[in-house]
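Colleague: Before anything else, here's the structure in question.
The values are calculated or read from the model by the stated rules, or taken from the named source; none is laboratory data. Since this is a predicted model, take the numbers as computed values, not measurements. As a convention, Cβ positions derive from the backbone with ideal geometry for all residues, glycine included, and neighbour counts pool all protein chains shown.
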Amino acid sequence: MKRWEIDAVGRQNLKLNDVEVPKPGPKEVLIKVNAVALNYRDKMVVETGRGLPLTFPFTPGSDLAGEVVGLGQGASRLRLGSNVISTATPDWIDGLRDGTARTPAYQTLGGFYPGVLAEYVAMPEDWFVVAPETLTARQACTLPVAGLTAWFALVERAGVRAGDTVLIPSTGGVALFGLQIAKAHGARVIVCGRPENEDYAKAQGADHFIDASTDWMETVYQLTSDRGVNVALEVIGGKHFGKSIQVTTVGGHVCQIGALDGWDISSAAMPLMLKDITVHGIGTGSRTALERFVRAIDQTRIVPVVNSCYSLPDLPAAFDHLDRGAFGKIVIDVAE
């Protein structure tokens, strides 16, 4: 079979190697990988290692959709022939994630654990959930990180509900899932982004679109009659976090997810305190939350936005596409 590997950190070390098909061990399943969704994190792990304890040769990627084609001894949670998706944070089953104040947990597929950019993977059966019945493999593979992150932020933590106003300050993978999830819950959604993406965002249900290069905060105030938004899906970070605080209403929620503008977030303290704003730090979500999200996908008929598909050998070109940016997700079609 084919499997992408690096033997040292750096894009120049990325190779598509011929290896033996793995055999599932006790309580493991063998998955025939059909599609893998890329996250910007995958590219950064290859290029910088991100300070993770990588074991070489290392395979990147965390988000797969595939079929169970083999069962290891004692594996009984999944059936042969089941269509499944991975859980990007496999040790987080339910409740609060592991970790301490000194050392937060960051044990993910394609990071702490080996990844999934291969034709077959053998991994513990607890690392997978049954895929939505209403989605293709290309669509379903986008759920484990981007989809679950938006779901966990808006539904599991911020409790979005009908009548809320939600700010989505981007048109990337997590942002578009946030738009679709918020609309499915009856919320009014304001999207802020590049003007060339306005028609696409409105086609996905955005009620309002603001050009990010304009005074978008003033426009948010005007659109909400100065009340502000109930939830801000903060996928940019850095100084943008403070702007989200300013446009959030009294008693509202800011879900801190991304760091496109830097890892050090900043905000004036007064609006945060005087408006009694709740800030949620979001790092994907639990397996149980993913199972709830899958059920919601089948009930609401949400269809993930897939921007482009690449074949397995074209992973470097897909990473280049990630650098340029995309409206929606970039997918590797492994079973092509």
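Colleague: Can you confirm whether Val220 is among the aliphatic types (A, V, I, L, M) and assigned to a helix (DSSP H, G or I)? Talk me through it step by step, then tell me what you get.
Modeller: Working: among the aliphatic types (A, V, I, L, M): yes; assigned to a helix (DSSP H, G or I): yes.
Yes; evaluated as a whole, the condition is true for this residue.
Colleague: Just give me the residues in the stretch 247-260 being under 20 Å from Val166 (Cβ atoms) and not polar (S, T, N, Q), in sequence order.
Modeller: So the first thing to find is which residues in the stretch 247-260 are under 20 Å from Val166 (Cβ atoms), and the list is 247-258, 260.
Once the filter is applied, which keeps residues that are under 20 Å from Val166 (Cβ atoms) and not polar (S, T, N, Q), the stretch 247-260 yields Val247, Val250, Gly251, Gly252, His253, Val254, Cys255, Ile257, Gly258, Leu260.
Colleague: Quick one: which helices (runs of 4 or more DSSP H) lie wholly within the stretch 238-336 and hold at least 1 residues that are out of contact with any Cys (no Cβ under 8 Å at 6 or more places or on another chain) and not assigned by TED's automatic domain parsing to the domain that holds Arg97?
Modeller: Numbers: elements: 240-247, 269-274, 287-300, 315-324.
Output list reads 240-247, 269-274, 287-300.
Colleague: For the stretch 117-135, give me each residue that is hydroxyl-bearing (Ser, Thr, Tyr) and crowded, with 17+ Cβ neighbours inside 10 Å. Break it down stepwise before answering.
Modeller: Restricting attention to the stretch 117-135, the residues satisfying the condition of being hydroxyl-bearing (Ser, Thr, Tyr) are 120, 134.
Residue satisfying the conditions is Tyr120 alone.
Yes or no, residue by residue, for (1) over 30 Å from Arg324 (Cβ atoms); (2) touching a Leu at 6+ places or on another chain (Cβ under 9 Å); (3) crowded, with 17+ Cβ neighbours inside 10 Å:
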| residue | (1), (2), (3) |
| --- | --- |
| Ile181 | no, yes, yes |
| Ala201 | no, yes, yes |
| Thr214 | no, no, no |
| Gln222 | yes, no, no |
| Asp226 | yes, no, no |
| Gly251 | yes, no, no |
| Trp263 | no, no, no |
| Ser266 | no, no, no |
| Pro271 | yes, no, no |
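Colleague: Starting from residues that are part of a helix (DSSP H, G or I), at pLDDT 95 or above and surrounded by 24 or more Cβ atoms within 10 Å (Cβ to Cβ), keep the ones in the stretch 153-173 and report whichever is nearest to the chain's Cα centre (by Cα).
Modeller: Ala153
Colleague: Check Ala105 against each of (1) farther than 22 Å from Gly147 by Cβ; (2) without any contact (Cβ under 8 Å) to a residue 40 or more places away in the chain; (3) touching a strand residue (DSSP E or B) at 6+ places or on another chain (Cβ under 8 Å) and name the one condition it does not meet.
Modeller: Among (1) farther than 22 Å from Gly147 by Cβ; (2) without any contact (Cβ under 8 Å) to a residue 40 or more places away in the chain; (3) touching a strand residue (DSSP E or B) at 6+ places or on another chain (Cβ under 8 Å), the lone unmet condition for Ala105 is (1).
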